[in-house]
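Asks: Below is a structure I'd like to ask you about.
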């Protein structure tokens, strides 16, 4: 418990440092907000255009798709803002920052996770929250207290699952000899798939990109469950389990990876 | 404090193979040319690379069992990493405080002022000397029991180097149990600072000696070939051909001074000893 | 000419060396294409014709737009921007070759490598799914011309956006913005014909349609021969306009350097 407390304090100390580092880009902050708003606007525009021609995709209406989108965007922003370091593992390995981390009396995982902060994440989370708000308003959902709690838990789980995905993909750098690692970009790009209901894809795709890389549990099942669509409850009930498995896998990958790690420069 | 026993690391073309010990209360120097294996050895000590054979023990504990908590007692300066350049000294303090329970904030601030490290300037705008001093200062402010410093004086001018060494001396004076392992390719830094010296060449330790002994007993004999023929070679470590005959490295200067009064004997500097050890031939 | 060939080769080697980025970029595009493919498939399941498109046409559209979009997907603006931010661009400007011409030939080299890979890959998949039944020699030639013109437009746009980095440090943001902009308004995601009302009219007056939509429509046969030639002409005009704009802005931006240089 004491260790946990120390880690939390450290987390904030590191992030405070990161924020100070970022302040030097102050001029770009506004530009970044504009860019994010703009690119998210385009992505949403795509959905709007598709739906302006037809009423539904795979049995889902536009506002329901908005919820899927909101879950994905929120988890993405969450990682960008709170744990952007998950993206930077490869850099850390090759810029020998990891050497410095390893000589400190603190968990390396924490130091890696907090290696960077990205305010774009905050921006994304705000947009996502707005989307979720609108989506909830437009969809007819029978709210109960339990469902409300579920909604928040699902959102949290989506963040954890996605963080673990990126983390594992980034940590593959420990095994790869090359100086760059695009697996994490690949994993995040796959999120594109989860913006639409899983059922529209053929079974092979569903298997690989829904379950093996568990995107189905990030948005499809949770949102389906909230919307009370058929056959979603079982999947949604599994999300905590998937969450745990992913977290355990992420932990293991780091541990194994560090054991393999060899500092490069002489 | 630190004991390395038959450490072996094979890189194919380069093999590190050495033993080394740092006694409590001592400053041990590791001296060698560029790419002699100094940094590799330091990385092995810090567990940053895997080792093929041998054991490394720090504070009597095998490196494999070293936990994050044990690292609190270590102060480390590596040559190629430092602080994020966009921060100032003021910014690092809170992080150092939460990282190391033993971090002495007042000492850190005091010393920063004394060595004229600006508190509000970004580290990336520091000069090389200021950066080096800051790295060492951060390492000694944790009240570490063992300091491991890889080339802390690299690229510094004479004055900055002297200030840095002064910092280390004061660190040692505060507590008798403290030890330092320091590497450099500038021998004069280590000559005045260290209690004992290890010389490393192509991954192997070629000489280990107390600094006092090195300075008092080692010497260079300058002899022509006739004198060389009549020389008792029991205490000659290396010889090298010169235009005038031979120069010989001995670790019993007194013996030759007493028995061969006609021979020119020079007090060998550490640099000369190293050069002889590496380039001279064995008898 | 020899100098330019050297840059061409340089770009080609760059492309090979950084193939990972190219592959990542292409994969991202590919995932997008696959997603859209299945989204459309499920849509056409309910409805046979949408804005004049049938499932058969749509299948081709998804492929061809992916091809057009993937060629030269790894923009050079990140690279150029980094050189600008670090100040290395001065070295480029000092060389006895026009900066833009140098970029163009490097890009051509890189694009050559990417083109070959994408073309074989997508072409192969296309033939597997659709067969040769829709191919027509004359149209294919026109399509290739339009594709090249589209690349020209893309180059001009990237050049313009890379100049933005004289004023901001956020190279990633700039390149992302350019990518989003082109993806959306070029028809890479949705055929421009499906855009609602006024937006559809608006996109016709933007240069982006020349990058994906024009070659796609030529290939699929949405344009009559006359329309094809008119559209290729339009692409040409856009290249001239954007190129002129690039020269103008370039002059202004480079003067910033001489101000720093002192």
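Read-outs throughout are calculated quantities, based only on the coordinates presented, and are distinct from any laboratory measurement. Only a predicted model underlies this, so the values are computations on that prediction, with no experimental measurement involved. Neighbour counts are summed over all protein chains in view; Cβ atoms, including those assigned to glycine, are modelled from backbone coordinates with ideal geometry.
Asks: Can you tell me the Rg and the Dmax, both Å, for the Cα atoms in segment A:1-97?
Replies: Spelled out, the Cα radius of gyration and Dmax of segment A:1-97 are 19.1, 57 Å.
Asks: Within 10 Å of each Cβ of A:33-39, how many other protein chain Cβ atoms are there on average?
Replies: Per residue, the number of nearby Cβ atoms from other chains is 4 on average.
Asks: Within a 10 angstrom radius of each residue's Cβ in A:92-105, how many Cβ atoms of other chains show up on average? Whole number is fine.
Replies: Mean shielding by partner chains, rounded to a whole number: 5.
Asks: Right, here's the next one. Helix C:137-163 against the longest principal axis of chain C: what's the angle in degrees, Cα atoms only, rounded to the nearest 10?
Replies: Taking the Cα atoms of chain C, the angle to C:137-163 is about 40 degrees.
Asks: In Å, what Rg and Dmax follow from the Cα atoms of chain B?
Replies: Just the Cα atoms of chain B yield Rg and Dmax of 21.3, 69 Å.
Asks: Can you tell me which of B:92-100, B:257-265 comes out highest on packing, and rank the rest after it, using the mean Cβ neighbours within 10 Å?
Replies: In descending order of packing, they fall as B:92-100, B:257-265.
Asks: Right, here's the next one. Suppose we take every Cα in segment B:59-153 and form the convex hull; what volume per residue is that in Å³?
Replies: Taking only Cα atoms, segment B:59-153 has a hull volume of 102 Å³ per residue.
Asks: Just to be sure I understand the curve: with the Debye formula and one point per C-alpha of segment C:63-217, what is log10 I(q)/I(0) at q = 0.14, 0.16, 0.18 Å⁻¹?
Replies: -0.76, -0.95, -1.12
Asks: As a test of the formula, what do you get for chain A when each DSSP H run with n ≥ 4 contributes -39,500 (n - 2.57) and the sum is divided by the residue count, at 222 nm and rounded to the nearest 500 deg cm²/dmol?
Replies: So the helix-based figure for chain A works out to -22000 deg cm²/dmol.
Asks: Quickly estimate the mean residue ellipticity at 222 nm for chain B, helices only: each DSSP H run with n ≥ 4 gives -39500 (n - 2.57), and the total goes over all residues, rounded to 500.
Replies: Result for chain B: -9500 deg cm²/dmol, rounded to the nearest 500.
Asks: Okay, next question. In µm²/s, what is D for chain C at 25 °C and 0.890 mPa s, where D = kT/(6 pi eta Rh) by Stokes-Einstein and Rh is the Kirkwood radius from Cα pairs?
Replies: 127 µm²/s
Asks: How well do other chains shield peptide A:49-61, expressed as the mean number of their Cβ atoms within 10 Å of each residue Cβ?
Replies: Average per residue, whole number: 5.
Asks: Please find the FRET efficiency linking residue C:1 to residue C:141, where r is the Cβ-Cβ separation and R0 is fixed at 25 Å, and quote it to the nearest 0.05.
Replies: 0.40
Asks: Sticking with this structure for a sec: Report relative contact order for segment A:140-210 in percent, whole number only (criteria: Cα-Cα under 8 Å, sequence separation at least 6).
Replies: About 21 percent, as a whole number.
Asks: Now, a different point. Give me Rg over Rh for segment C:1-125, both radii from the alpha carbons and Rh done the Kirkwood way, two decimal places.
Replies: Checking Rg against Rh, the ratio lands at 1.14.
Asks: Over segment B:218-282, what is the relative contact order in percent, taking alpha-carbon pairs closer than 8 angstrom and at least six residues apart?
Replies: 44 percent
Asks: Rounded to the nearest 500, what is chain C's calculated 222 nm mean residue ellipticity when only DSSP H runs of at least 4 contribute -39500 (n - 2.57) each, over all residues?
Replies: -26000 deg cm²/dmol
Asks: I want to verify a result. In a Gaussian network model of chain C, Cα cutoff 10 Å, which of these has the top mean-square fluctuation: C:84, C:218, C:229?
Replies: C:229
Asks: Can you divide the C-alpha Rg of segment A:25-147 by 2.2 N^0.38 Å and report the result to two decimal places?
Replies: Here the answer is 1.38, to two decimals.
Asks: Given a Förster distance of 22 Å, report the FRET efficiency between residue A:95 and residue C:20 from their Cβ-Cβ distance, rounded to the nearest 0.05.
Replies: It comes out at approximately 0.80.
Asks: If you don't mind, another one. Provide, for q = 0.21, 0.28 Å⁻¹, the log10 of I(q)/I(0) from a solvent-free Debye sum over equal Cα point scatterers in segment B:84-132.
Replies: -0.74, -1.15
Asks: Please grab the % of Cα pairs in chain A that end up more than 32 Å from each other.
Replies: Here the long-distance tail beyond 32 Å is 27 percent of all Cα pairs in chain A.
Asks: Let me ask something additional. Find the relative contact order for chain C and round it to a whole percent, using C-alpha pairs within less than 8 Å whose residues are 6+ positions apart.
Replies: Contact order relative to length: 26 percent.
Asks: Let me ask another. For the protein assembly as shown, what D do you get in µm² per second when you plug the Kirkwood radius from alpha-carbon pairs into Stokes-Einstein at 37 °C and 0.692 mPa s?
Replies: Estimated diffusion coefficient is 106 µm²/s.
Asks: Quick one: Kirkwood hydrodynamic radius for segment B:218-282, alpha-carbon pairs, angstrom, one decimal?
Replies: 11.5 Å
Asks: When averaged across all projection directions, what area in nm² does the alpha-carbon convex hull of segment B:1-79 cover?
Replies: 5.5 nm²
Asks: Sticking with this structure for a sec: Which order do the peptides C:110-120, A:138-148, C:203-213 come out in when sorted by mean C-beta neighbours inside 10 angstrom, highest first?
Replies: C:203-213, C:110-120, A:138-148
Asks: From the C-alpha coordinates alone, can you work out the Kirkwood hydrodynamic radius of segment B:124-233, in Å?
Replies: For segment B:124-233, the Kirkwood estimate is 16.3 Å.
Asks: Shape verdict for segment C:151-262, please, from the Cα gyration tensor: rounded (a/c under 1.5), prolate (a/b greater than b/c) or oblate.
Replies: Prolate.
Asks: Then there is this: What share of all Cα pairs of segment A:85-236, in percent, falls into each consecutive 10 Å distance bin?
Replies: Percent of pairs per bin, in order: 9, 33, 31, 19, 7, 1.
Asks: Using a Förster distance of 25 Å, how high is the FRET efficiency between residue B:34 and residue A:178, based on the Cβ-Cβ distance and rounded to 0.05?
Replies: E(calc), rounded to 0.05, equals 0.35.
Asks: At 7 Å along Cα-to-Cβ for each site, give me the label-to-label distance between residue A:251 and residue C:100 in nm.
Replies: 5.9 nm
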